[in-house]
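Visitor: Before I ask anything, here is the structure I am working with.
The values are calculated or read from the model by the stated rules, or taken from the named source; none is laboratory data. Since the model is a prediction, treat every value here as computed from it, not as a measurement. Neighbour counts run over all protein chains shown; Cβ positions are idealised from the backbone, glycine included.
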Amino acid sequence: MPHVTAPDGVRLWVEEAGSGTPILFVHEFGGDHRSWEPQLRAFARRHRCVTYAARGYPPSDVPPEVESYSQAIAVADAIAVLDGLGIARAHVVGLSMGGFAALHLALRHPDRALSVVAAGAGYGAEKAYEDYFRGVSAKVAEGFETQGADAFGKTYALGASRVQFQNKDPRGWREFEGWLREHSAEGSARTMRGVQMRRPSLYDLEAAFRACDVPVLVMTGDEDDHCLQPALFLKRVIPRCGLAVFPKAGHTLNLEEPDLFNRFLAEFIATVEAGRWDRRDPRANAAEVMKVD
């Protein structure tokens with residue numbers, strides 16, 4: 001499959017399957033383009049499905065400077081993939097880091113998004129945990145640099161919101177861990193420092209989210225603790241936002257619960273394409289408990 005070239009000359013590895021209305025899948029920090037295989041196999045039956053390896057994730061290029069990695073650049077890369085494939089608009093589906101990219105794409109380029117799915121998007125967004133998140137992110141970057149991806153990947157794959165996946169599907173989790181351990185240690189460290197540590201809190205973007213008219217579905221696992229409150233925040237401030245909470249589920253939603261993820265995604269896309277993913281009915285007043293007059 002071809003590479004697409006980003007505005008700064010970085011080459012991004014792209015894979016696609018199927019035909020129909022396009023869906024762009026954007027992967028998380030711990031994953032890569034292979035992480036969307038359960039979705040590509042399901043949705044390529046009736047959609048043009050596209051995924052790509054983010055910069056820093058071979059076979060995409062691994063730029064040597066941290067300044068070549070940022071939230072804005074991640075959005076520009078997603079747009080470059082759409083442009084490179086001649087896609088004017090797509091449903092954009094992202095997990096975690098990819099979910100942040102999808103949300104920022106909706107804010108920066110609403111004309112390019114038919115809809116947005118942000119799954120497991122919230123790490124570092126909670127104001128009370130901003131300093132902690134930056135500190136632990138620095139340690140993760142250091143872990144990749146000093147230990148290498150093969151060694152440190154074993155640690156990263158056993159995070160508090162990853163063990164749910166391991167417990168439910170040991171075989172699938174081992175495959176995920178194996179892919180993670182194949183990543184570029186340098187690319188992972190630079191992505192963590194340039195994108196994860198520097199991106200703005202979702203809460204700081206409230207005004208922009210309130211003005212956003214793109215249909216959005218937020219998904220989160222109920223044991224993905226630092227994504228729960230941000231998910232509720234997004235539901236409350238984005239006018240055309242729905243929220244799906246997966247029971248007894250962690251962070252790696254599309255791999256941990258592929259059938260449930262695919263059902264929610266299929267229903268969401270069908271509703272959007274029918275023109276029925278509306279703004280909240282103004283009669284559904286959150287301040288009202290019961291009707292009395």
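Visitor: Is it the case, given these coordinates, that residue 240 is out of contact with any Leu (no Cβ under 7 Å at 6 or more places or on another chain), more than 19 Å from residue 102 (Cα to Cα) and basic (Lys, Arg)?
Guide: Taking the combined requirement at face value, the residue does not satisfy it.
Visitor: Taking into account only those residues within region 1-31 that are closer than 19 Å to residue 72 by Cα and either out of contact with any strand residue (DSSP E or B) (no Cβ under 9 Å at 6 or more places or on another chain) or free of Cβ contacts under 8 Å to residues at least 24 places away in the same chain (or both), which is surrounded by the most Cβ atoms within 10 Å (Cβ to Cβ)?
Guide: My answer is 29.
Visitor: Next question. Against the condition touching a Leu at 6+ places or on another chain (Cβ under 8 Å), buried (at least 17 other Cβ atoms within 10 Å of the Cβ), farther than 20 Å from residue 35 by Cβ and in contact (Cβ under 8 Å) with a residue 60 or more places away in the chain, how does residue 113 come out, does it pass?
Guide: yes
Visitor: In addition: Residue pairs, Cβ under 6 Å, 6 or more apart or interchain, first in region 97-108 and under 14 Å from residue 29 (Cα atoms), second modelled with pLDDT of 95 or more and part of a helix (DSSP H, G or I). List them.
Guide: Qualifying pairs under 6 Å: 101/74; 101/75; 101/78.
Visitor: Answer yes or no as to whether residue 64 is in contact (Cβ under 8 Å) with a residue 40 or more places away in the chain, in contact with a strand residue (DSSP E or B) (Cβ under 7 Å, 6 or more places away or on another chain) and either over 14 Å from residue 265 (Cβ atoms) or in a loop (DSSP other than H, G, I, E, B) (or both).
Guide: Answer is no for this residue.
Visitor: Next question, about the same structure. Of everything in region 82-103, what is surrounded by 24 or more Cβ atoms within 10 Å (Cβ to Cβ) and either aliphatic (A, V, I, L, M) or farther than 19 Å from residue 36 by Cβ (or both)? Give them in sequence order.
Guide: 90, 92, 93, 95, 97, 101, 102, 103
Visitor: Which one of these is of a type in the set (Ser, Thr, Tyr), at pLDDT 95 or above, at negative phi and not in a helix (DSSP H, G or I): 220, 191?
Guide: Every option except 220 fails the conditions.
Visitor: Residue 136 fails exactly one of the following numbered conditions: (1) touching a Leu at 6+ places or on another chain (Cβ under 9 Å); (2) free of Cβ contacts under 8 Å to residues at least 40 places away in the same chain. What is the number of that condition?
Guide: (1)
Visitor: Just the residues that are among the basic types (Lys, Arg) and either touching a Lys or Arg at 6+ places or on another chain (Cβ under 8 Å) or part of a loop (DSSP other than H, G, I, E, B) (or both), please, taken from region 83-109.
Guide: Once the filter is applied, which keeps residues that are among the basic types (Lys, Arg) and either touching a Lys or Arg at 6+ places or on another chain (Cβ under 8 Å) or part of a loop (DSSP other than H, G, I, E, B) (or both), region 83-109 yields only 89.
Visitor: From the list 42, 80, 76, 72, exactly one residue is in contact (Cβ under 8 Å) with a residue 12 or more places away in the chain, in a helix (DSSP H, G or I), over 18 Å from residue 101 (Cβ atoms) and not polar (S, T, N, Q). Which is it?
Guide: 42
Visitor: Something else: Taking residue 255 as the residue in question, decide whether it is in contact (Cβ under 8 Å) with a residue 60 or more places away in the chain and not aromatic (Phe, Trp, Tyr).
Guide: Criteria met by residue 255.
Visitor: Residues that are over 26 Å from residue 202 (Cβ atoms) and not polar (S, T, N, Q): find the helices (runs of 4 or more DSSP H) completely inside region 125-169 holding 2 or more of those.
Guide: Correct list: 149-156.
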